[in-house]
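I have placed the structure first, in the form of structure tokens, so that the comments after it can refer back to it.
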Amino acid sequence: MDGSRGEAMDMRAALLRMRRSGLLPVAFGGLVSSAGAQQFRISELAGADTDSLRGLAVRTGNGLGGKTLALGRPYAVTDYGSSRAISHEYDAAVAGEGLRSVLAVPVVVHRQVRGVLYGALRQPYALGDRPLAAAIDAARDLEQALAVRDEARRLLASCQGPVAADPRAWEEVREAHAELRALAVRIPDQRLRQELLTACARLASAAAPASSPAGPVVQLTPRELDVLASVASGATNSAAAVRLRLRPETVKSYLRSAMRKLGAHTRLEAVTTARRAGLLP
């Protein structure tokens with residue numbers, strides 16, 4: 001999974017949302033490269049006329065963004081170059097883009113500041129609640145996207161190299177498999193979603209007995225597999241509905257359909273048959 005490429009796409013989407021508000025014509029930002037890093041680079045710009053800010057390394061505590069990185073709070077200045085509330089290591093880059101009023105909001109995931117989003121004007125106007133709210137909303141979208149990617153990486157890592165002889169290891173894999181399928185449907189990035197589903201398919205085929213047929217004896221729809229994977233991990237219909245963001249009646253319908261296709265009369269029989277066919281781990 002190309003995490004950096006996906007995160008760049010998430011960042012661009014957040015910046016475009018800020019600009020679409022009509023309140024922040026210039027938007028830019030960057031993410032820290034690793035947990036605990038003391039700086040980030042401005043990697044994405046929207047509405048900029050120059051590249052004076054691109055690649056700028058912002059250290060914690062320095063300038064407006066560095067202050068936001070250090071303290072984890074939004075800050076704004078009416079006139080960047082003359083503000084006494086910040087230090088001025090980056091004045092030349094900011095002036096090169098012709099920016100005056102600038103705000104910065106932190107991107108916080110799991111209580112860690114993962115980056116900073118900026119919004120700016122080319123005039124020295126006081127930035128009020130509406131532009132700040134637009135920037136915060138964009139940051140929240142980015143935080144959710146990064147959290148989903150973090151969860152996907154965690155689940156994929158937990159599925160590496162299970163020991164076939166250890167039932168506990170396979171139970172962890174099966175739980176992760178169900179969570180991965182539930183997570184995949186919430187991911188707007190089509191490449192990442194397909195990568196997660198491909199990983200799920202590999203897990204399912206790896207668990208199939210050696211004597212299983214070369215291909216699955218039935219074809220289940222993605223949603224039927226999602227429901228069956230949740231059931232296989234021990235979830236009730238209600239719990240599966242919450243996990244998959246479906247109505248309980250819809251979960252029952254998918255489960256009945258899967259059982260019919262598998263020729264199963266009980267939930268356990270459906271799960272067992274699906275595992276033998278290489279549809280579930």
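The values are calculated or read from the model by the stated rules, or taken from the named source; none is laboratory data. The structure presented is a predicted model; accordingly, all values stated were derived computationally and were not measured. Glycine gets a Cβ as well: all are built from the backbone with ideal geometry, and neighbour counts include every protein chain shown.
A few points about this structure:
- Of all the residues in segment 92-119, those that are surrounded by 15 or more Cβ atoms within 10 Å (Cβ to Cβ) and closer than 26 Å to SER34 by Cα number 17.
- Entry remark, segment 246-281: residues being under 14 Å from ALA178 (Cβ atoms), out of contact with any His (no Cβ under 8 Å at 6 or more places or on another chain) and touching a residue at least 40 places away in the same chain (Cβ under 8 Å) number 4 in total.
- Every residue from segment 61-74 that is within 25 Å of the chain's Cα centre (by Cα) and not in a helix (DSSP H, G or I): GLY72, ARG73, PRO74
- Against the test of being at pLDDT 75 or above and either surrounded by 14 or more Cβ atoms within 10 Å (Cβ to Cβ) or part of a helix (DSSP H, G or I) (or both), the options ALA135, ALA157 yield a single qualifying residue, ALA135.
- Enumeration of residues in segment 17-36 that are loosely packed, with under 15 Cβ neighbours inside 10 Å and not charged (D, E, K, R): GLY22, SER33, SER34, ALA35, GLY36
- Applying the condition of being surrounded by 15 or more Cβ atoms within 10 Å (Cβ to Cβ) and of a type in the set (S, T, N, Q) to segment 227-245 and asking which residue is nearest to LEU183 (Cα to Cα) yields SER230.
- Residues in segment 48-60 that are surrounded by fewer than 17 Cβ atoms within 10 Å (Cβ to Cβ) and assigned to a loop (DSSP other than H, G, I, E, B): ASP49, THR50, ASP51, ARG54, GLY55.
- Residue check, TYR90 free of Cβ contacts under 8 Å to residues at least 60 places away in the same chain and aromatic (Phe, Trp, Tyr): yes
- Scanning segment 232-255 for residues that are of a type outside the set (A, V, I, L, M), under 17 Å from LEU280 (Cβ atoms) and outside any helix (DSSP H, G or I) returns SER233, GLY234.
- Residues located in segment 93-113, provided they are part of a loop (DSSP other than H, G, I, E, B) and free of Cβ contacts under 8 Å to residues at least 40 places away in the same chain: ARG100, ARG111
- Evaluation of GLY98 against the conditions (1) in contact with a helix residue (DSSP H, G or I) (Cβ under 9 Å, 6 or more places away or on another chain); (2) over 16 Å from ARG17 (Cβ atoms) shows that the sole unmet condition is (1).
- Residue check, ARG122 in contact with a helix residue (DSSP H, G or I) (Cβ under 9 Å, 6 or more places away or on another chain) and either surrounded by fewer than 19 Cβ atoms within 10 Å (Cβ to Cβ) or outside the structural domain of MET18 (by TED's automatic domain parsing) (or both): no
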